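Trainee: The structure is given below, and queries will be raised subsequently.
Read-outs throughout are calculated quantities, based only on the coordinates presented, and are distinct from any laboratory measurement. This structure is a prediction, so every number in the text was calculated from the model and none was measured. Cβ atoms come from the backbone with ideal geometry, glycine included; neighbour counts cover every protein chain shown.
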Amino acid sequence: MKSDIHSIYNLLSDPSFLDWIKNPNGENNRYWEEWQGTNPERKAQVKQAKAIASSIDFKKTSIENIRQDLIFQRIQNSINKENEDAIPKGSTKNNKFKEQASIRIWMRWAAIFVGLLVVSSIYYFAFNEDIISHTTAFGETKNITLPDGSEIKLNGNSTLTHSRIWEKDEIREVWLEGEGYFTVNHLGDQQKFIVHATSDFNVEVVGTEFNVLNRSGKTKVVLSSGKVMLNLQNSAKAERLQMLPGEMAEYTHNDQILTKKEVDPMVYTSWRNNRLLFDDTSLLEIKSILESTYGLTVIVEDESLLEKRLYGSAPSNDITLLLKGLERSLGNQISIEGKLVTIK
């Protein structure tokens, strides 16, 4: 068990691993797929680390374990003491020296604090029997039934985390990294259901059907029926946006920009019926789907093709047929060797 914890911690401490989770692309997808191929004994740890990295929400972490208030108090006390010890007596540059010393000490303690949060989250998510994580491989879909009977179809290369049991008066919460289609049961007591896409953005519903796509620094929510409320909690000003059926909201994580527009929900949810619909869809968008959902590396020899808009459909559960359908719609030759796809 200790070696497992150490291995997961090492993955979470690896900048390239975290970059893969936060910003997946053809290059880092290929690297980590090959890494798991040469380290098959670590696949379970990679799945656990991915679930932790994509699902961490520190509101769920036991306050008894982190004791955040005491940690900050110790940091502040230590800074005060170390500042006093660090400043040479009789120095004529006390203020500047004190400022530089404070920065160094804060950086050191911040690293310690982050480490404590990560370790606490590892224990909570990886070894807490009350937490369940569902993970799909590239190109795989999975049907999941939640404790309240709500149903989720999880798309490829995705992770969903939730509690094993939901109490009657408890808010129903799940954490999603990737893509999932939700059919949420309406409960008589109006019990809320919340999908956490990031630590500062979530989708709040009572009973409805909607699709959430959370990849590459963006979260897209497409509403098929019912109503949902989007909550942006970490911006300078908290923002709430209500959605109606036939609308798509897109949230850009880095810029914290939330926009909404009318769409045809079937275009964004057809994957759950093993079809991909192209309706004025750019090749750039399709390339992103092939890389993030199917784990392919896509090379487009003529980059001007990336802006080409496509119409039509193709099966999503057979990559060979999918690429043939794309080839017909695009009118360009497509070749595939292993996981490498070249569009000429």
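Trainee: Among the DSSP beta bridges whose two residues both lie in the stretch 232-344, what percent are antiparallel, rounded to the nearest 5?
Mentor: Numbers: 18 of 22 bridges.
Here the antiparallel bridges make up roughly 80 percent for the stretch 232-344.
Trainee: Could you estimate the translational diffusion coefficient of the stretch 156-289 from the Stokes-Einstein equation, with Rh from the Kirkwood formula over C-alpha pairs, at 10 °C and 1.306 mPa s, in whole µm²/s?
Mentor: Numbers: Rh = 15.5 Å.
Answer, rounded: 103 µm²/s.
Trainee: Which FRET efficiency value, to the nearest 0.05, do you get for Ala44 and Leu340 by plugging their Cβ-Cβ distance into 1/(1 + (r/R0)^6) with R0 = 35 Å? Mind dumping the intermediate values first?
Mentor: Details: r = 27 Å, r/R0 = 0.78.
Plugging the Cβ-Cβ distance into 1/(1 + (r/R0)^6) gives 0.80.
Trainee: Hey, can you rank 253-265, 202-214 by average C-beta count inside 10 Å, highest first?
Mentor: Working: 253-265: 13.2, 202-214: 21.9.
In decreasing order of mean packing, 253-265, 202-214 become 202-214, 253-265.
Trainee: Report the full-extension gain for the segment Asp318 to Lys227: residue separation times 0.36 nm, less the Cα-Cα distance, to one decimal in nm.
Mentor: Values: separation 91, 0.36 × 91 = 32.76 nm, distance 3.34 nm.
Stretched out fully, the Asp318 to Lys227 stretch lengthens by 29.4 nm.
Trainee: Can you pull the one-decimal nm distance between simple spin-label points at Tyr31 and Glu239, each 7 Å off the Cα toward Cβ?
Mentor: 3.2
Trainee: So what are the ³J(HN,Hα) numbers for the stretch 137-142, from phi and the Karplus equation (6.51, -1.76, 1.60; θ = phi - 60°), rounded to whole Hz, Gly and Pro as x?
Mentor: Taking θ as phi minus 60°, the curve returns 7, 4, x, 9, 10, 8 Hz for the stretch 137-142.
Trainee: Are any of the pairs Lys287/Lys339; Lys220/Lys287; Lys218/Lys287 more than 19 Å apart by Cα-Cα distance, and if so, which?
Mentor: Values: Lys287/Lys339 13 Å; Lys220/Lys287 17 Å; Lys218/Lys287 16 Å.
Cα-Cα > 19 Å for no pair; all within.
Trainee: Okay, moving on. Express in whole angstrom the spacing between the alpha-carbon centres of the stretch 11-41 and the stretch 281-327.
Mentor: 22
Trainee: Near the amide H of Ser158, under 5 Å away, which other amide H atoms are found, from residues 5 or more places off or on another chain, if H is placed in the peptide plane?
Mentor: Close amide H contacts, sequence-distant or interchain: Thr136.
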